[in-house]
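Worksheet: one structure, shown below.
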Amino acid sequence: MGRVDTGERLQVNPHLRRIPGSPTQAFLQTDPTRVFGLTPDTFVLLEEFTQPRTIAECLGDDHLEGPIDQIFRQLLELRLLVPPGGDLGPTDLTLRPTLPRLCDAPPWPHAAADPSSLAPALDGPRDPPSEQRPVVVLGACYDDNTLPGYPRGAAGGPALLRRISAAHPLRERLSDGSALGLYDLDLGRRLLAGARVYDAGDLASAPGVHWSTYAAALTHELTALHRRGARVILIGGDHSVTLPALAAHHEPFALLHIDAHTDAALPRHAGDLHHGNFLRRAAATCPIRQIIALGVRALQDIPPEIEGVPYRALSPAQLRRCDDRALAALLPADLPCYVSVDLDALDPAVAPATPAAEPDGLSLAHARHLIRACVGERPLIGADLVELQAGHSAADLSARAALRLVLDLMDLLAR
Ligand SMILES: [Mn+2]
């Protein structure tokens, strides 16, 4: 084998993503199941090729001999370095399986005809079992609608949450055959007991993909899951991913929106859409009949309605003065509901890794209680947790708090 061509212009594969929290592991967004272990030096070398340049330009007049030549040859073979504009692998927007999966749940059987034939992940009383719907996790790796000036990283939220969830494997058994863990002392039972939980993988965006293309693909995937009776927990992603998730529901519903912000900012120009105003578009285009927002405390106007949909916001301080009866009466009694959780609803002491953190937020215990008290016995048609920011110095701590909310939402979806 000859030497690498030092005069060829190369660039780092734009699909290359580091695994949040790991200094040595990375993957290509086009194939998240294949993880590369790279040395820190290799990352430094790859960063030299953020803009297209030749190896000769990068290394000056040094001769390419032995190890360096081998390193470049490997980077080219692995397609971590590619010619600019060259073949970068598939960029079609389809769901891709991930490793690890959330709580080591089995992969969603995309091809299977009847998911009701699949066994529960955890033993436990759930009756009647025939009516129980599978709960499916889907990652929305998209953060291009983060407002300028706010840190990116929400696209890495699903991978971060899955890594943290490895401490809570749903399928692990103790020596007596019973399922491990997920016992919740406050509830007096195991979360997700008897539930059938699956991980459907990630819908990742790719460089140059327009929002409308991504949103349509996400609605399409969710619709396919709904058709097979699944209840979906969507993991973001910036909060705009909630818009295509809501668009996959066609019957009237109420929205429980847990967030530090209203997310109803007025558009600055036609077509303006971002994570701080997506709710306006959702209210105008989805069959939402009522919006209840909990944890709102950003210094912004509170509208009485959003695009004609009745809107009510309650701050953390106001919520501390609400008893359970008042919470249960917030949402209409006759509508199913969808719960959307922006991690910034929580206090930054609990979950600092979120792009638009606001002081004086909800405690984790309070947020968990609010969701159960408000939803009550109403059917939950879907849920999401968004704005978990990978790459933040406190990402793991924040992901642990996020995971608790996700497990609660999944437990509610599994009823
Ligand atoms: Mn939000």
>> For segment 357-370, which positions are within 16 Å of the ligand (Cβ to nearest atom) and touching an Asp or Glu at 6+ places or on another chain (Cβ under 7 Å)?
In response: A357, E358, G361, L362
> If you scan segment 193-220, which residues turn out to be surrounded by fewer than 18 Cβ atoms within 10 Å (Cβ to Cβ), in contact (Cβ under 8 Å) with a residue 24 or more places away in the chain and of a type in the set (S, T, Y)?
Replying inline: T213, T219
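Please specify each residue of segment 221-234 satisfying the condition of being among the charged types (D, E, K, R), over 13 Å from G139 (Cα atoms) and surrounded by 15 or more Cβ atoms within 10 Å (Cβ to Cβ). Even if it seems obvious, please write down each step before you answer.
Restricting attention to segment 221-234, the residues satisfying the condition of being among the charged types (D, E, K, R) are 221, 227-228, 231.
Subset that is over 13 Å from G139 (Cα atoms): 227-228, 231.
Of everything in segment 221-234, those that are among the charged types (D, E, K, R), over 13 Å from G139 (Cα atoms) and surrounded by 15 or more Cβ atoms within 10 Å (Cβ to Cβ) turn out to be R228, R231.
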>> Looking at segment 340-358, can you tell me whether even one residue there is more than 19 Å from the chain's Cα centre (by Cα), of a type outside the set (V, I, T) and within 13 Å of H257 (Cα to Cα)?
In response: no
> Here are R268, R321, R312: which of them is within 21 Å of R152 (Cβ to Cβ), away from the ligand (no atom under 16 Å from the Cβ) and free of Cβ contacts under 8 Å to residues at least 24 places away in the same chain?
Replying inline: R268
> Among (1) over 24 Å from S398 (Cβ atoms); (2) not in a helix (DSSP H, G or I); (3) not basic (K, R), which single condition is I235 missing?
Replying inline: (1)
>> For segment 371-400, which positions are aliphatic (A, V, I, L, M) and more than 16 Å from the ligand (Cβ to nearest atom)?
In response: A373, V375, L380, I381, A390, A394, A395, L397, A399
> What residue, among those in segment 329-349 that are among the charged types (D, E, K, R) and surrounded by fewer than 24 Cβ atoms within 10 Å (Cβ to Cβ), is nearest to the ligand (Cβ to nearest atom)?
Replying inline: D347
> D186 fails exactly one of the following numbered conditions: (1) of a type outside the set (K, R); (2) over 26 Å from R96 (Cα atoms); (3) touching an Asp or Glu at 6+ places or on another chain (Cβ under 8 Å). What is the number of that condition?
Replying inline: (3)
>> Name the residue that is nearest to the chain's Cα centre (by Cα), counting only residues in segment 229-262 that are within 16 Å of the ligand (Cβ to nearest atom) and small (G, A, S).
In response: G236
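Can you tell me which of I381, I371 is assigned by TED's automatic domain parsing to the domain that holds G236, closer than 21 Å to V135 by Cβ and part of a helix (DSSP H, G or I)?
So the residue among I381, I371 that is assigned by TED's automatic domain parsing to the domain that holds G236, closer than 21 Å to V135 by Cβ and part of a helix (DSSP H, G or I) is I371.
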> Do you know which residues across segment 375-407 are over 16 Å from I164 (Cα atoms) and out of contact with any strand residue (DSSP E or B) (no Cβ under 7 Å at 6 or more places or on another chain)?
Replying inline: G376, E377, P379
> Looking at segment 373-395, which of the residues that are charged (D, E, K, R) and within 28 Å of E221 (Cβ to Cβ) is surrounded by the fewest Cβ atoms within 10 Å (Cβ to Cβ)?
Replying inline: R378
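The values are calculated or read from the model by the stated rules, or taken from the named source; none is laboratory data. Model, not experiment: these values are computed from the prediction. Counting neighbours? That spans all protein chains shown, and the Cβs are built from the backbone with ideal geometry, glycine included.
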